[in-house]
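Visitor: I am attaching a structure below and will ask some questions about it afterwards.
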Amino acid sequence: MKQIALCFLSLYFGLGASALDIHVAPTGHNNNPGTISKPMASLAGARDRIRQLRTLDLLNETVRVIVAQGTYFMTEPLALTEQDSGTEQTPVTFMANATQKATFVGGIQIDHWEKVSETLWKTCVPEVPRYGLYFEQLYVNGQRATRAKSPNQGFYVLKGVKETIVNKGKGRVPAMAVQTLNLFEPAATDLATFTKPDFDDALVTLYHKWDNTRKRITAFDTETSSIFTVGKGMKPWNSLDKKTRFTVENYRAALDACGEWYLERDGTLYYVPCEGDDITNMDVFAPVTNRFMTLTGNPSSGKKIQHLRFKNLCFKVAGYRTPLLGNEPAQAASPVDAVVMADYAHKIDFVQCEIAQIGTSAIWFQNACTDCSVSHCYLHDLGAGGLKIGAIQKPNDPQDLTQRIKVDNNIIRSGGHVFPCAVGVSLFQTSDNRVTHNDIANFRYSGVSVGWTWGYSPSPAKRNIIEYNHIHHLGWGELCDMGGVYCLGKSEGTSVSHNLIHHIYSFDYGGWGLYTDEGSTGIIMENNLVYACKNSGFHQHYGRENTIRNNIFAGNIRAQLQATRVEEHLSFNFTHNIVWFSTGSLLSSRWHQVNMHSDKNCYWDTRTQEVRFGKASLKEWQASGKDLNSVIADPKFVNPEAFDFRVRNKAVMQDIGFKPFDTTKAGVYGSEAWTKLAQLDPAVKRSFDDTVAQLEAQTK
């Protein structure tokens, strides 16, 4: 029987060759042998054919699954396990040709639109009542449409908060509680119109400090203008308060602005058209799956899934559906899954792939992943973050620590659409990773987060390299306590260097360029250019023996340098830096009290030569033992108004030992088309600037 199978397969594949090619095409069928003339129809079909060959012990060469140009619809994720592994000598590659585009869509196309009026269209989606496909994301003509919400711009603000604990439980956070949220107008008027379907399906998203809470609205009290939400109790370290802002989405009366949509439980889908929309030519997709791929090894046997490569593939349209009780707050949206999940994986590579229009994060190398990579990929229009590395909890076995993941030359932008507190790249319990030459932009929270052990407890997050990244246009005035690069915990050997970080703007406190938080220890930050950040270019909350050297902090808005907690040990070394500013103050919080070593720096305030170190003059500051060999001098930047901070004052560089570095090396590299794609849309930049100007004006 085996000989017959061998003859059959040899006829189609030529097994005597050094590589086996299995072809997939939109016109194929999974009963086909997978030749170029008789291709298969799906990645799952190709996977099954490879499994068949392995079962027959007929596969001892490199395998290429070659996907033809076209669109492939997925109703479930591609599930790969250790039995689908290649070897170091004979890897398995799923790929499309570089000149072709193979797109996998995890959704259904919606058509047959009709006019309710000139400003409202509708259609019927039978899958909603038939299969329970009550989707929460919609993509129209390649763009994420807005689920009907109020207010259309900005936020409502809570008038007051009261919590009734139902079950205290055993932890710091009550196991069950009811929150009473008192509302101002016009939010109270909006909620007073709610119908029963509105109460069943509407969501309130609350913005409080660095977190978001997403809850159903249980009831509304007209007498007190209060809504009630149910779930876990508020976290005592970040509870809801009078600074909390919120939006309400997914109720019929909120459908009142261009680009908004609303789905009824009977399948009726409404859409408010925008200028240029053509009812006869609408490209509309709704997600049916929440993942594109799972890569899962076997922890019981110790066998990892390994030696797989994905090249030049595009994955679009995947969803997220909110649990019955909503989502409790979680820093960095840490529990939220990704559309590509990898566990117990080794040597898994994504090259020149695209992931877009999703409800969660893009890729998560979670448990026991080693030596994997993501390079030259385009991750955008994300419900949460871009890349997540490592597990949230420390593994019981150190061998299960995720390590040596390489994230290089990727464009990661436009995220946090469902979970605003998500991060561009998150490194949790993980070590020895390299995050280099990425362009990370247009998130509502931090760009890169490094470490996941608070305070000075033992942490496995060591020797992580965050270098040559372009991190910009973050925050948008929506959340607090955020930074371009955010670090926490003991992180010896970690380098945050040669990054270009700018335009970081928080709602209240935060909005820092470089941020060492919660016990950050042993981190080197050097050769970074940081400008146009809200509260300061560098801030250390608390930490130990960090090194901040040879950076340029220029033109940050409120202050340039900030430190908060005073500790007995050496908090950080601050040397050979250039600090230039024209607004705000030089120092903020307790910089003058922190135990640090500060020397051989250049300070310059364009408004005066009498730079003040808090309340002290330079002479008084030096009398305290700080900056004994520092200077107050103009570094003579080439063109600071155009953000060209190349230093022309050679004497200053010599005096403080500053070594020039090339900021143009930060960000992506490669073809002209690739570097051009990384450039943020000028309209997005203008919108960011307008947001900052508006919020700054409110504080004056």
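Every residue, every condition in (1) aromatic (Phe, Trp, Tyr); (2) within 25 Å of VAL105 (Cα to Cα), yes or no:
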{"position": "LEU295", "(1), (2)": "no, yes"}
{"position": "LYS304", "(1), (2)": "no, no"}
{"position": "PHE315", "(1), (2)": "yes, yes"}
{"position": "ALA318", "(1), (2)": "no, yes"}
{"position": "GLU328", "(1), (2)": "no, no"}
{"position": "TYR344", "(1), (2)": "yes, no"}
{"position": "ASP349", "(1), (2)": "no, yes"}
{"position": "GLN352", "(1), (2)": "no, yes"}
{"position": "PHE365", "(1), (2)": "yes, yes"}
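Visitor: Select from segment 516-548 the residues that are of a type in the set (Phe, Trp, Tyr), free of Cβ contacts under 8 Å to residues at least 60 places away in the same chain and crowded, with 23+ Cβ neighbours inside 10 Å and list them in ascending order.
Guide: Selection gives PHE538 alone.
Visitor: Same structure, new question: I'd like the full set of residues that are under 30 Å from SER506 (Cβ atoms) and of a type in the set (Asp, Glu), limited to segment 239-279.
Guide: ASP241, GLU249, ASP256, GLU260
Visitor: Can you find, within segment 81-106, the residue that is surrounded by the fewest Cβ atoms within 10 Å (Cβ to Cβ) among those that are touching a Gly at 6+ places or on another chain (Cβ under 9 Å) and within 16 Å of GLY70 (Cβ to Cβ)?
Guide: Here the residue is GLN100.
Visitor: Return the residue satisfying two criteria in turn: it lies in segment 23-72 and is among the small types (Gly, Ala, Ser) and within 35 Å of the chain's Cα centre (by Cα), and of such residues it is surrounded by the most Cβ atoms within 10 Å (Cβ to Cβ).
Guide: Step by step, filter segment 23-72, then rank; the result is ALA46.
Visitor: Please count how many residues of segment 560-592 are in contact with a Pro (Cβ under 9 Å, 6 or more places away or on another chain) and surrounded by fewer than 16 Cβ atoms within 10 Å (Cβ to Cβ).
Guide: Matching residues across segment 560-592 total 1.
Visitor: Moving on. When segment 192-221 is examined, which residues are found to be among the hydrophobic types (A, V, I, L, M, F, W, C) and closer than 22 Å to GLU478 by Cβ?
Guide: ALA202, LEU203, VAL204, LEU206, TRP210, ILE217
Visitor: Within segment 270-310, can you find the residues that are part of a strand (DSSP E or B) and within 16 Å of LEU80 (Cα to Cα)?
Guide: Once the filter is applied, which keeps residues that are part of a strand (DSSP E or B) and within 16 Å of LEU80 (Cα to Cα), segment 270-310 yields MET293, THR294, LEU295, THR296, ASN298, LYS303, ILE305, GLN306, HIS307, LEU308, ARG309, PHE310.
Visitor: Could we say that PHE572 is within 33 Å of the chain's Cα centre (by Cα) and touching a residue at least 60 places away in the same chain (Cβ under 8 Å) here?
Guide: The answer is no for PHE572.
Visitor: Residue under question is ASN595, and the condition is that it be surrounded by fewer than 17 Cβ atoms within 10 Å (Cβ to Cβ) and either basic (Lys, Arg) or over 30 Å from the mean Cα position of the chain (by Cα) (or both); does it hold?
Guide: Spelling it out, ASN595 is indeed surrounded by fewer than 17 Cβ atoms within 10 Å (Cβ to Cβ) and either basic (Lys, Arg) or over 30 Å from the mean Cα position of the chain (by Cα) (or both).
Visitor: While we're here: Filter segment 467-504 down to residues that are touching a helix residue (DSSP H, G or I) at 6+ places or on another chain (Cβ under 7 Å) and assigned to a strand (DSSP E or B) and give me whichever is nearest to ASN550 (Cα to Cα).
Guide: Here the answer is LEU500.
Visitor: Take the residues of segment 324-354 that are over 21 Å from the mean Cα position of the chain (by Cα) and not aliphatic (A, V, I, L, M): which is surrounded by the most Cβ atoms within 10 Å (Cβ to Cβ)?
Guide: Going through the qualifying residues, I end up with TYR344.
Visitor: Please find, among LYS215, LYS242, the residue that is in contact (Cβ under 8 Å) with a residue 24 or more places away in the chain, surrounded by fewer than 16 Cβ atoms within 10 Å (Cβ to Cβ), not hydroxyl-bearing (Ser, Thr, Tyr) and not assigned by TED's automatic domain parsing to the domain that holds LYS122.
Guide: On the way: LYS215 fails: surrounded by fewer than 16 Cβ atoms within 10 Å (Cβ to Cβ).
Selected residue: LYS242, the only one of LYS215, LYS242 that is in contact (Cβ under 8 Å) with a residue 24 or more places away in the chain, surrounded by fewer than 16 Cβ atoms within 10 Å (Cβ to Cβ), not hydroxyl-bearing (Ser, Thr, Tyr) and not assigned by TED's automatic domain parsing to the domain that holds LYS122.
Visitor: Another question about this same structure. Evaluate segment 296-308: report whether one residue or more is out of contact with any strand residue (DSSP E or B) (no Cβ under 9 Å at 6 or more places or on another chain) and hydroxyl-bearing (Ser, Thr, Tyr).
Guide: yes
Visitor: Restricting attention to segment 499-515, which residues are surrounded by fewer than 21 Cβ atoms within 10 Å (Cβ to Cβ) and within 23 Å of SER571 (Cα to Cα)?
Guide: If the condition is that a residue be surrounded by fewer than 21 Cβ atoms within 10 Å (Cβ to Cβ) and within 23 Å of SER571 (Cα to Cα), then TYR509 is the only one that fits.
Visitor: What are the residues in segment 271-325 that are β-branched (Val, Ile, Thr) and closer than 30 Å to VAL178 by Cβ, if any? Full working, then the answer.
Guide: Pass one, segment 271-325, residues β-branched (Val, Ile, Thr): 272, 279-280, 284, 288-289, 294, 296, 305, 317, 322.
Matches in segment 271-325: THR322 only.
Visitor: Just for segment 275-304: of the residues that are more than 16 Å from SER361 (Cα to Cα) and basic (Lys, Arg), which one is nearest to the chain's Cα centre (by Cα)?
Guide: Filtering segment 275-304 for residues that are more than 16 Å from SER361 (Cα to Cα) and basic (Lys, Arg), the one nearest to the chain's Cα centre (by Cα) comes out as LYS304.
Visitor: Determine which member of the set GLU518, GLU545, GLU526, GLU568 is closer than 15 Å to SER497 by Cβ and among the acidic types (Asp, Glu).
Guide: GLU526
Visitor: Can you name the residue in segment 49-92 that is out of contact with any strand residue (DSSP E or B) (no Cβ under 9 Å at 6 or more places or on another chain) and acidic (Asp, Glu) and is also nearest to VAL105 (Cα to Cα) among such residues?
Guide: The residue in question is GLU76.
Visitor: Could you tell me which of the residues PRO335, PRO273, PRO299 is more than 28 Å from HIS437 (Cβ to Cβ) and at pLDDT below 95? Working first, answer last.
Guide: Working: PRO335 fails: at pLDDT below 95; PRO273 fails: at pLDDT below 95.
Only one candidate passes the filter, namely PRO299.
Visitor: Just checking, does segment 157-165 include any residue being within 25 Å of GLU260 (Cα to Cα) and out of contact with any His (no Cβ under 7 Å at 6 or more places or on another chain)?
Guide: yes
Visitor: Would you be able to tell me the number of residues in segment 281-319 that are under 23 Å from GLY259 (Cα atoms) and hydrophobic (A, V, I, L, M, F, W, C)?
Guide: Matching residues across segment 281-319 total 7.
Visitor: Which fully enclosed strands (runs of 3 or more DSSP E) of segment 105-200 have 1 or more residues being closer than 20 Å to ARG216 by Cα and among the hydroxyl-bearing types (Ser, Thr, Tyr)?
Guide: 156-167, 176-183
Visitor: Next up: Determine whether segment 189-200 contains at least one residue that is within 14 Å of GLY326 (Cβ to Cβ) and among the charged types (D, E, K, R).
Guide: Yes - at least one qualifying residue is present in segment 189-200.
Residues checked against (1) β-branched (Val, Ile, Thr); (2) surrounded by 11 or more Cβ atoms within 10 Å (Cβ to Cβ):
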{"residue": "ASN629", "(1), (2)": "no, yes"}
{"residue": "ILE632", "(1), (2)": "yes, yes"}
{"residue": "ALA642", "(1), (2)": "no, no"}
{"residue": "PHE645", "(1), (2)": "no, yes"}
{"residue": "LEU680", "(1), (2)": "no, yes"}
{"residue": "GLU696", "(1), (2)": "no, yes"}
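Visitor: Of the residues SER414, SER361, which single one is buried (at least 24 other Cβ atoms within 10 Å of the Cβ), within 30 Å of LYS209 (Cβ to Cβ) and of a type in the set (Gly, Ala, Ser)?
Guide: Just one listed residue meets the conditions, SER361.
Visitor: For segment 167-201, what are the residues that are more than 28 Å from SER150 (Cβ to Cβ) and surrounded by 14 or more Cβ atoms within 10 Å (Cβ to Cβ)?
Guide: Keep residues of segment 167-201 that are more than 28 Å from SER150 (Cβ to Cβ), which gives 167-176.
Once the filter is applied, which keeps residues that are more than 28 Å from SER150 (Cβ to Cβ) and surrounded by 14 or more Cβ atoms within 10 Å (Cβ to Cβ), segment 167-201 yields GLY169, VAL173, PRO174, ALA175, MET176.
Visitor: How do the helices (runs of 4 or more DSSP H) wholly within segment 633-700 filter down when requiring 3 or more residues that are polar (S, T, N, Q): which remain?
Guide: 682-698
The values are calculated or read from the model by the stated rules, or taken from the named source; none is laboratory data. In this text the structure is predicted, and so the values were computed from the model without any measurement. Note that we place each Cβ from the backbone using ideal geometry, even for glycine, and neighbour counts take in every protein chain shown.
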